[in-house]
Amino acid sequence: MTTQPITQPTQPEITKEIRDIEADAARAAAAGGRPERHARRDYAPYRSSVLRHPTHELVRVDPEEVERFSPAFGHTDVDVLESDLTIQHSGEPLGERITVSGRVLDGEGRPVRHQLIEIWQANSGGRYVHKRDQHPAPLDPNFTGVGRAVTGDDGSYRFQTIKPGPYPWRNHLNAWRPAHIHFSLFGSAFTQRLVTQMYFPGDPLFALDPIYQSITDPAARERLIGQYDHDESVPEYSLGYVWDIVLTGPKSTRMESEEDHD
Ligand SMILES: [Fe+2]
């Protein structure tokens with residue numbers, strides 16, 4: 001018996017699939033359908049989503065007794081230094097030092113206060129500290145890539161970190177993820193956790209990336225991009241990006257399922 005070699009799809013093939021789905025979605029929206037603001041769970045250009053997307057309706061869970069006693073986080077539980085990813089080791093990490101700040105808001109623009117935000121990201125070379133990430137980019141002994149913060153009374157948060165690099169993944173031949181930072185918002189109970197990603201403006205990989213493109217509404221995709229803000233840059237020190245997270249309503253930030261992690 002001979003085995004067939006496994007051939008990976010090429011970027012042009014994946015890009016064509018992305019564009020075809022996008023055109024279908026645009027036609028549906030033009031015909032009066034609702035824009036698709038959230039990622040498609042079953043999105044063929046993102047190959048593994050085909051196998052692992054949920055196939056049943058979500059189970060609605062109302063918080064019950066145990067939920068009411070689950071951990072809740074306040075200012076005293078999370079040290080302010082945990083939001084600085086550049087001071088976790090003996091030396092400074094390599095890369096472009098940045099701040100990422102913004103507000104967590106509900107659909108009416110009201111601040112969502114005292115929320116635990118966790119972030120994780122690759123280093124400036126595009127490498128995660130994770131045994132599954134073995135691609136030949138250097139680890140940085142001074143960068144782990146995880147941090148957390150609690151939003152203030154005005155819903156604000158702020159992280160100091162370094163700009164992550166793009167990295168290869170094996171969705172298809174020559175597949176590269178745009179630079180991004182993963183965000184988790186814990187909510188006030190385990191059933192409320194939301195996970196998303198922030199991107200950086202002007203990334204040439206946006207059009208090629210099946211994860212970013214799995215949101216078919218272009219306006220919703222744009223809302224995942226942090227904005228460079230010169231007023232947030234610190235002279236001689238760091239560049240500032242601002243990114244607000246809107247939890248509900250037509251301007252909400254796209255959230256992803258737990259199993260998305262690339
Ligand atoms: Fe990632």
| task | Give a quick list of trypsin sites (Lys or Arg not before Pro) in region 124-201 that DSSP marks as loop, anything other than H, G, I, E or B, with at most 15 other Cβ atoms within 10 Å. | result | LYS131, ARG132, ARG170, ARG193
| request: Give the residue from ALA122, THR196, TYR167 lying farthest towards the positive end of the charge dipole for the chain; charges sit on Cβ (+1 for Lys and Arg, -1 for Asp and Glu) and the dipole is referred to the Cα centre. | output: TYR167
| Net lengthening on full extension, ARG19/ILE6 (0.36 nm per residue, minus Cα-Cα) | 2.2 nm
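How far, in nm, would the chain grow between LEU239 and HIS89 when pulled straight, counting 0.36 nm per residue and subtracting the alpha carbon separation?
Using 0.36 nm per residue and subtracting the Cα-Cα distance, I get 51.9 nm.
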| said: Charges at C-beta only: +1 for Lys and Arg, -1 for Asp and Glu. How large is the resulting dipole of the chain about its Cα centre, in Debye rounded to 20? | reply: 680 debye
| said: Amide H of GLY126 versus every other amide H placed in the peptide plane: which residues, excluding those fewer than 5 positions away on the same chain, fall under 5 Å? | reply: GLY165
| task | Just subtract the alpha-carbon distance of ASP62 and ARG132 from 0.36 nm times their residue separation and send over the number in nm, one decimal. | result | 21.7 nm
| task | Considering only GLN11, GLN213, GLN192, give the residue with the highest GNM mean-square fluctuation for the chain, with springs between Cα atoms whenever their separation is below 10 Å. | result | GLN192
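Count the DSSP beta bridges whose two residues both fall in the chain, then state the antiparallel fraction as a percent rounded to the nearest 5. Before the final figure, lay out each step's value.
Details: 31 of 39 bridges.
Antiparallel bridges: around 80 percent, rounded to the nearest 5.
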| How many percent of all Cα-Cα pairs in the chain sit more than 25 Å apart? | 49 percent
| said: Take ASP42 and TYR228, extend 7 Å from each Cα along the Cα→Cβ direction, and tell me the distance between the two endpoints in nm. | reply: 4.1 nm
| query | What's the FRET efficiency of ALA26 with THR76 using the Cβ-Cβ distance as r and R₀ = 51 Å, to the nearest 0.05? | reply | 0.55
| said: Spelling out what I want: for every residue of region 113-120, take phi, set θ = phi - 60°, compute 6.51 cos²θ - 1.76 cosθ + 1.60 (Karplus), and round to whole Hz; glycine and proline get x. | reply: 8, 6, 9, 6, 10, 10, 10, 8
| message | I want to verify a result. In a Gaussian network model of the chain, Cα cutoff 10 Å, which of these has the top mean-square fluctuation: ASP84, ASP133, ASP209? | response | ASP133
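Pairs of alpha-carbon atoms within less than 8 angstrom and 6+ residues apart define the contacts here; what relative contact order does the chain have, in percent?
Working: 524 pairs, mean separation 65.7, N = 262.
In percent, rounded to a whole number, it is 25.
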| What does the highest-first list of 94-103, 48-57 look like by mean Cβ count within 10 Å? | 94-103, 48-57
| said: Positive end of the dipole of the chain, charges at C-beta (+1 Lys, Arg; -1 Asp, Glu), about the Cα centre: which of VAL78, SER101, GLY145 has its Cα farthest in that direction? | reply: GLY145
| field | Loop-exposed chymotrypsin sites (Phe, Trp or Tyr not before Pro) per DSSP, neighbour cap 13 Cβ within 10 angstrom, longest uninterrupted part of the chain | value | 70-236
| message | Cut-off 16 Å, label point 7 angstrom out along Cα-to-Cβ of GLU96: give me the residues of region 123-139 whose amide nitrogen falls inside. | response | 123-127
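Just so you know, all these numbers are worked out from the coordinates, no wet-lab data involved. No experiment lies behind these values; they were computed from the predicted model shown. No Cβ is skipped: glycine too gets one built from the backbone with ideal geometry, and neighbour counts run over all protein chains shown.
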